[in-house]
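Report on one structure; see the data block that follows.
The values are calculated or read from the model by the stated rules, or taken from the named source; none is laboratory data. Computed from a predicted structure; not experimentally measured. Heads up, the Cβs are rebuilt from the backbone with ideal geometry, glycines too, and the neighbour counts pull from every protein chain shown. We work out accessible area using only protein heavy atoms, side chains counted, and drop any ligands, DNA or RNA first. Shrake-Rupley method; radii C 1.70, N 1.55, O 1.52, S 1.80 Å.
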Amino acid sequence: WLSGFAAGEVVFRGGTLWATWFGMVEGINADASINYTALNNSLNAFSNISGFGEGKVKIGRGIWKYNTTLSIPQGIMLKGENETDTILWYTGITTAIQTSGHYSKMRDFHITSLSPATTNWMTATLAGMGTGQTGILIKHVNTKIKDVTISYFNKSTAGLEGIAIKTDGANCFSTSVTDCYIRYCYGGISLEDTVTDMSIIDNDIIDMTKFGISIGYDWNATAQTLFTGDNFRLHRNHI
């Protein structure tokens, strides 16, 4: 028991924990609200992480359904087993994952906005329209996204354009997106507002409705952004 916390409250200072320890349940028919609460609690179980090294939240193999935006705290990594076997199914209508602090990391999972039980899901045929607006929203410094698949953020109604990864705000620099697979979205990677020292390397961005990589345009507002940026490294992307 640490000073400042209630008796019986578990607080991690670095290391690895599993979302299932907090009640997250695998399966197509799992309760999305309960799973969101469990995963959110696991991401926020670390205390003073900047002084104790990296905190890692692991999600195992299976389909993990949830319905509310996940926020990745400073210094925390959200990690699955791999892009094929760990599937996060976001059933909400806004943003599936966003950063809420600097130095956050995401790797080795698949985030989708369409039920993986849908016929022809992720095959050569477009299976349908997802519900979500943004797969991953980057709002902070030194975000690292690697070996993540993002699919079916392809909603294209007015004011709700589905984009796999986008930046937002004045702190979106020193960030990298590498070795990701983006498919069946309205747009792939949208670099908006202030983005510098950005590395977009070795990504497959295919079957987009509108664009692969966009710089300086807000597709939701359908307008140019107040854009400042330099030091872009866009290498070996398959679009």
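Cα atoms only, the range 120-164: Rg and Dmax in Å?
Cα only, the range 120-164: 12.6, 37 Å (Rg, Dmax).
Roughly speaking, what is the stretch gain from THR209 to ASP31, that is 0.36 nm per residue apart minus the C-alpha to C-alpha distance, in nm to one decimal?
Gain in length upon complete extension: 61.0 nm.
I want to verify the translational diffusion coefficient of the chain in µm²/s; compute it with Stokes-Einstein, Rh as the Kirkwood radius over Cα pairs, at 20 °C and 1.002 mPa s.
Here the translational diffusion coefficient equals 120 µm²/s.
Exactly which trypsin sites (Lys or Arg not before Pro) in the range 26-128 are in a DSSP loop and have at most 13 other Cβ atoms within 10 Å?
Answer by residue number: ARG61.
Explain nothing, just the number: relative contact order of the chain, from Cα pairs under 8 Å at least 6 residues apart, as a whole percent. Walk me through the numbers on the way to the answer.
On the way: 711 pairs, mean separation 28.7, N = 239.
Once divided by the residue count of the chain, the mean separation gives 12 percent.
With springs only between Cα atoms under 10 Å apart, run a GNM on the chain and tell me which of ALA164, ALA223, ALA127 wobbles the most.
ALA223
May I ask you to derive the FRET efficiency for ARG236 and ARG61 from their Cβ-Cβ distance with R0 = 35 Å, giving the value to the nearest 0.05?
0.75
Would you please name the trypsin sites (Lys or Arg not before Pro) within the range 126-184 that are DSSP coil residues with at most 11 other C-beta atoms within 10 Å of their C-beta?
Hits after loop and neighbour filter: nothing returned.
How much net charge surrounds THR99 when only other residues with a Cβ under 11 Å from its Cβ are counted (Lys, Arg +1; Asp, Glu -1)? Walk me through the intermediate numbers first.
Numbers: positive: LYS105, LYS139, LYS144; negative: ASP168.
Net of charged neighbours comes to +2.
Per q in 0.12, 0.14, 0.18, 0.24 Å⁻¹, report the Debye log10 I(q)/I(0) for the range 68-170, using one uniform scatterer on each alpha carbon and no solvent.
Values, matching the q order: -0.37, -0.51, -0.82, -1.32.
Could you work out the local net charge near ILE138, counting Lys and Arg as +1, Asp and Glu as -1, over the other residues with Cβ closer than 13 Å to its Cβ? Let's see the in-between values first.
Numbers: positive: LYS105, LYS139, LYS144, LYS166; negative: ASP168, GLU192, ASP193, ASP197.
The answer is 0.
Please work out the Cα center distance from the range 216-239 to the range 132-178, rounded to the nearest Å.
About 11 Å separates the Cα centre of the range 216-239 from the one of the range 132-178.
Which cross-chain or sequence-distant (5 or more) residues have an amide H under 5 Å from the amide H of ILE215, H modelled 1.01 Å from N in plane?
LEU191
So, for the chain, what is the accessible surface per residue at a probe of 1.4 Å, expressed in square angstrom?
On a per-residue basis, 42 Å².
By its C-alpha gyration tensor, with a ≥ b ≥ c as the square roots of the eigenvalues, how is the range 53-94 shaped: rounded for a/c under 1.5, else prolate for a/b larger than b/c, else oblate? Provide the component values of the computation, followed by the final result.
On the way: a/c = 3.07, a/b = 1.19, b/c = 2.58.
Oblate.
Gaussian network model of the chain, Cα springs within a sub-10 Å range: biggest mean-square fluctuation belongs to which of THR99, THR119, THR209?
THR119
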